[in-house]
Structures are given as C-alpha cells and as structure tokens.
Amino acid sequence: MDNEVSLICSNLIRFDTTNPGRGERPAAEYVAGLLAEAGIEPVVFESAERRTSVVARIPGETPEALLIHGHLDVVPAEPADWRIHPFSGEITGGCVWGRGAVDMKGTLSMTLALVRDWARRGVRPRRDVVLAFLADEEATGEYGSRHAVRRHRELFDGCTEAIGESGGYSVELPGARVYPVAVGERGTAWMRLTARGVAGHGSRPPVDNAVAELCHALSRIAAHRWPVRLTPGVAALITSLEDILGERIDRGRLELEAKRLGRAGTLFEAQIRNSANPTMLEAGYKVNVVPGTAVAHVDGRFLPGHREEFLETIDRLLGPKVTREFVNVEDAPSAPLNSPFFERLCAAIVAEDPVARPVPYVMSGGTDAKSFAALGIRGYGFAPLMLTPDLDYFGMFHGVDERVPVEGLEFGVRVLDRLLAS
C-alpha cells in the first residue's frame, strides 16, 4: 500500500488537468479504473465535454455516511519556471514532484490507495464512505461540485460530515509540530465593477470620466482597513497556539503578532479580517478617447457570519457611480469544533504522530466544501500530511516546484485508515 500511494500520485500528476484547459476526463477515467479494480462501482458523469467527475460509495457498518471530496483539476504551471517538469510526476529525493502534488492529487492518491488496500484485506469502514473526485474546483466549481449537488444529489444521501482540503498537514513550530484542522473557510465574493460616464475626446475637460470614477473607487477599496473580527474558530486557534508556544498573543495587535510569530502567525494572519483585492482592469481603446464605461474585478472574501457587513462596506466604498455584480458568490461555511467528529480527526493524527498538536483552523480561501454545505453537510479541512520542515505548505499551493514527500503520503494513508476503519 505504501508504495502504491506514491505511484498513484505520480500517475495522476502526469494527466494535465490544467484549469482552464482540456478537462479532467483522462484523470477521471484513471480514477474510475482504480476503483473498479477494487470492486468499487464508480459513477462517472460530465457537466460539459471532458469536465468529468467520479463518485463512489463504499458500504459501511451504518448507513450514516462520511463524504471524502477532492478535485482533479490543477492551476496552470509554466515548465520553464520549474526544476522538474510540472507534469512529469517524477519521484526523486523522497518526493513526488509536479503540479497537484499537494493541491490536491496527493490527497486523492491517499484515498485511492487506502480503499484499494481495504479491498485486498476485506476491511469494511465504520460507516458508509462516499468518495467524490471532482472537476473545476480551481475555478468556481460550476462544472464540478455545484453540478454534482444540483444534478446528482442522491449520490450524497446520508452524508452528515465531509473531509477535504485543506487541513491536517504538519507545521513545524519551535518545540512543537502543529496540525491545523479546518473548521471553516472564508466566503467568496468575486465582483465585476462597472463605472459609466460620458464618452468624449481626450483633449477636452473631463465630464463624468468613467475611468477616473472607477480608479477612485478601487483606491478606496484597496486602502480600506477592514476591522478585526475574531470568529470562534480563529479565537480557538489563537488560544491553542498560546498553550503550545507558552506565551500570550496580543489580540489587540494581531497583524503584528502574526509577523512576529512566523509560521504560527501564517495560520491566522489572513483569517482575522474580511478582504477585497482589485485584480483586473478593463477600459478604453484609444489614448485620446474617453470611454463611456470602465470595468474592474475584485476578489472579495468574508469571514463566517460577516457577509452582510462585507457587502455594506463594499457598497459604501464604491459610491453612487459604480455598480457591482457577482461573478461568483458563496457563503462562508463553518463546522462545529466542539464535536465528537472533530475530536476523532485530531485523535487519528495523534495516533500516528504522538507529538502532534492538532489545532482548529479557518481557511482564508475556499474549497468545494461550500457546495456541499448547501446540502447540510458539515465540512472539515482534513487532508493529513506530514511535511519535512524545509517544505512550505502554503508556498506549494499554486507555486513552482510543487512536491510532496513520499513518507508524508504514507503517513496520510495511515491516518485516514485510523479515522475511517477503526
């Protein structure tokens, strides 16, 4: 089983499932084949040509089900920037290299290796396990998780909790190895902003210049200082870090504290505020023509429970001459951290790493958990992985030279086995 997980990961990476690109179909067919070989019947469906997802159910001792979800697509990678080709899946130096090694074909490989080992050993999980290998997470999920819950809802009957990216990975701190387990994530508000004005000659005095109005609005958004809002998950994380580090973290200056604490600070620095970042601009077609409209895109993120506060602030900052529309909007899901299931997640890690210190965590970005939350499924970020101290987990996401330790994958398989089969 240990050797199999790295080989599956290597093979999955070799399928170029870049999004946008040619779709996930070849990787999905490979996954479906591995499941079928293990006697697990896969359901394969497409939301559009080559936008392929796979779902399968493994019967357990009780019909109450746990969902394990992950995505087959990856973000683009420029081979010239990498030491090893991003779609080679090369195994060298104790790591599997390539785009998706961490985000998140490595995790898919752990799940596949585990259920295939169960089939060989005749193991039955504690409860039904639903496996979802999905398209399009690296965009909006419209061709993946959203399509799945909208058109194939019956496949997730009985699911009460779910695990997916991103959590359960090791973070080396002074004198401690911490494993953040995600209990929530910030919501998404991708917005298209439009300013409309009076078109005219660039040499004339300005009259209601759309470009200027949009720039003023973007400047106000970029300069806005969002207030600190401590959600229960982040507050619990900070309390846990204080216990682990043996020192007080000043809640009145959390940004400075995050910088002071280094790796520990990265666990909460982006999760204490809402945020809005201008990312795209489009206006005009000739230097001496004032255009009638100007358009921008903003990546907005809001904390659990703070959607209305976020939107009210954005509208105030935009002013009366700039309108907004959503390109993508999804609420911020959260799951209980004081629950028996959260305790089982933590216990599974400690069973394989006795010095582990699991802590609650809230993700700054988003995952397919948002789609499944619409079905009432409580989602946790739990893709267990032991990393070597030199590897920066956050730097691996969407970065160059993405790679995952073979021993880390093997660790993850063992943790999942303890969680699901014991």
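The values are calculated or read from the model by the stated rules, or taken from the named source; none is laboratory data. Worth saying up front: this structure is predicted, and the values here are computed from it rather than measured. All accessible areas refer to the heavy atoms of the entire protein, side chains included, with ligands and DNA or RNA removed. Shrake-Rupley method; radii C 1.70, N 1.55, O 1.52, S 1.80 Å.
Overview of results
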{"read-out": "Protein-only accessible surface order, largest first, of W190, W82 at 1.4 Å", "value": "W190, W82"}
{"read-out": "Anisotropy class of the range 330-422 from Cα gyration tensor, a/c 1.5 cut", "value": "oblate"}
{"read-out": "Contact order normalised by residue count of the chain, Cα under 8 Å, 6+ apart, percent", "value": "24 percent"}
{"read-out": "Whether the range 1-56 is rounded, prolate or oblate, judged on the alpha carbon gyration tensor where a/c under 1.5 counts as rounded", "value": "oblate"}
{"read-out": "Angle in degrees between helix 406-421 and the longest Cα principal axis of the chain, rounded to the nearest 10", "value": "70 degrees"}
{"read-out": "Viscosity 1.567 mPa s, 4 °C: Kirkwood-radius Stokes-Einstein D of the chain over Cα pairs, µm²/s", "value": "57 µm²/s"}
{"read-out": "Degrees between helix 307-318 axis and first principal axis of the chain (Cα, 0 to 90, nearest 10)", "value": "30 degrees"}
{"read-out": "Pairs of alpha carbons in the range 1-101 whose separation is greater than 23 Å (percent)", "value": "34 percent"}
{"read-out": "Angle between the chain longest axis and helix 25-37 axis [Cα atoms, degrees, rounded to 10]", "value": "20 degrees"}
{"read-out": "Within straight-line cross-link reach of K286, lysines at Cα separation under 29 Å, skipping those fewer than 8 residues along the same chain", "value": "K321"}
{"read-out": "The range 250-336, Rg to Rh (Cα coordinates; Rh as Kirkwood inverse mean 1/r)", "value": "1.10"}
{"read-out": "Area accessible to solvent at T62, 1.4 Å probe radius, in Å²", "value": "60 Å²"}
{"read-out": "Angstrom value of the Kirkwood radius, inverse mean 1/r, which spans all Cα pairs in the range 324-383", "value": "13.4 Å"}
{"read-out": "By accessible area with a 1.4 Å probe, ligands and nucleic acids excluded, highest first: order of K370, K286, K259", "value": "K259, K286, K370"}
{"read-out": "Exposure ranking of Y30, Y285, Y380 by accessible area [1.4 Å probe, largest first]", "value": "Y285, Y30, Y380"}
{"read-out": "Equivalent-ellipsoid semi-axes of the range 160-285, from the Cα gyration tensor, Å, largest first", "value": "43, 17, 12"}
{"read-out": "Estimated Rh, the range 59-206: Kirkwood, alpha-carbon pairs, angstrom", "value": "19.3 Å"}
